[in-house]
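Here the structure comes first, spelled out in structure tokens, and everything after it is commentary.
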Amino acid sequence: MTTVKPTRTDRLRTLLAQDTCHAMPCCWDGLSAKMIAEAGYPFTFMSGFAVSASRIGAPDTGLISFGEMLDQGRNICAATSVPVLGDGDTGYGNAMNVRRTVQSYAQAGFAAIMIEDQVSPKRCGHTKGKRVVSRSEAVNRIKAAVDARNEGADIMILARTDARHSHGLDEAIWRAKAFRDAGADILFVEAPQSLEEMRQITSQIGGIHMANLIEDSVTPLLTTEELQEIGYKIAAYPLTVLSAAMNAIRANLDALKTGVYPRHSGMSFDELKRHVGFDAYYELEQRYDDKRED
């Protein structure tokens with residue numbers, strides 16, 4: 001009897017059914033996704049902020065395109081076996097574009113896609129200048145995403161609202177409830193400003209919730225235990241790893257200016273090769289070595 005292997009989406013659903021809040025460092029390329037998985041995290045998220053910064057050297061203000069995000073996502077999903085959630089921004093157009101975006105992300109290997117209710121071009125959720133579309137347009141985006149899922153796309157729908165910034169918490173809660181009723185699998189109210197607001201979000205809406213934790217921003221930096229206690233299932237860290245990597249790059253560049261090589265500041269060459277995959281490559285290569293003796 002043939003055993004059907006669970007898909008990444010199946011595995012993500014199983015993880016989110018557990019009675020815990022999962023820490024989720026976010027990635028921006030194949031290497032960062034591999035390292036997050038190797039560190040033992042059960043899933044990761046392709047951060048739009050981080051991809052825009054690393055791929056095109058530009059801020060997360062809608063400058064990066066659907067095609068660039070999709071291409072980056074294919075590489076990330078190919079580099080690791082853990083479930084990857086993907087930033088689908090606004091869906092890159094109207095409801096029909098949302099459908100195509102969801103279908104394309106599923107084909108690329110993502111286990112979930114985030115669709116938000118900002119106007120296009122969108123902004124990073126913790127920066128100024130955010131605006132959201134009307135209630136009806138916001139809900140229709142999620143309906144289109146859910147339809148694409150129900151019609152064969154093997155992917156979960158993560159519905160995000162940024163309405164807290166411009167319309168207040170009550171509006172954000174209304175939208176998240178409407179997204180839940182439309183069939184979204186995971187709910188994300190961006191940028192609550194206090195512990196009490198976070199409690200209101202989970203208690204009034206229900207369902208599976210994600211918290212977005214950015215250092216020096218408006219949302220309280222709670223522990224995963226505290227987040228679990230108030231009803232969150234995912235603690236996303238979109239910039240923690242990227243920020244650490246950028247800080248290390250800057251420190252090494254500054255040190256090199258002095259003419260002194262910054263020894264002991266990074267990984268050994270052996271560690272570096274292992275993380276990139278040289279050791280695994282050499283081991284596999286031995287299978288096809290026609291010079292070895294049988």
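Does residue 223 satisfy the criteria of being under 21 Å from residue 45 (Cα atoms) and surrounded by 15 or more Cβ atoms within 10 Å (Cβ to Cβ)?
So residue 223 fails the test.
What are the pairs, 6+ residues apart or on separate chains, where a residue within region 273-294 that is closer than 18 Å to residue 79 by Cβ has its Cβ under 7 Å from a residue that is acidic (Asp, Glu) and modelled with pLDDT of 90 or more?
The qualifying pairs are 273/279.
Could you tell me which numbered condition residue 50 fails, if it satisfies all but one of (1) surrounded by fewer than 20 Cβ atoms within 10 Å (Cβ to Cβ); (2) aliphatic (A, V, I, L, M); (3) assigned to a helix (DSSP H, G or I); (4) under 13 Å from the mean Cα position of the chain (by Cα)?
(1)
Among the residues in region 74-84, are any small (Gly, Ala, Ser) and touching a Gly at 6+ places or on another chain (Cβ under 8 Å)?
yes
Residue 83: farther than 18 Å from residue 157 by Cβ and at pLDDT 95 or above, yes or no?
No; evaluated as a whole, the condition is false for this residue.
Look at region 1-47 and say how many of its residues are hydroxyl-bearing (Ser, Thr, Tyr), without any contact (Cβ under 8 Å) to a residue 12 or more places away in the chain and assigned to a helix (DSSP H, G or I).
Looking only at that region, the number is 1.
Looking for something over 13 Å from the mean Cα position of the chain (by Cα), farther than 22 Å from residue 211 by Cα and among the acidic types (Asp, Glu) - is there at least one such residue anywhere in region 32-40?
Checking region 32-40: at least one residue is over 13 Å from the mean Cα position of the chain (by Cα), farther than 22 Å from residue 211 by Cα and among the acidic types (Asp, Glu).
With under 27 Å from residue 8 (Cβ atoms), of a type in the set (Gly, Ala, Ser) and modelled with pLDDT under 95 as the only criterion, which of 125, 152, 109 stands out?
Residue meeting the stated conditions: 125.
Which of the residues spanning region 76-125 are out of contact with any helix residue (DSSP H, G or I) (no Cβ under 9 Å at 6 or more places or on another chain) and either of a type in the set (Phe, Trp, Tyr) or touching a residue at least 60 places away in the same chain (Cβ under 8 Å) (or both)?
Selection gives 121, 123.
Do the conditions hold for residue 198, that is, is it farther than 24 Å from residue 80 by Cα and either of a type in the set (Val, Ile, Thr) or in contact with a strand residue (DSSP E or B) (Cβ under 9 Å, 6 or more places away or on another chain) (or both)?
So residue 198 fits the description; yes.
The values are calculated or read from the model by the stated rules, or taken from the named source; none is laboratory data. Keep in mind that what you see is a predicted model, and the values were worked out from it rather than measured. FYI the Cβ positions are ideal-geometry reconstructions off the backbone, even for glycines, and counts take in every protein chain you see.
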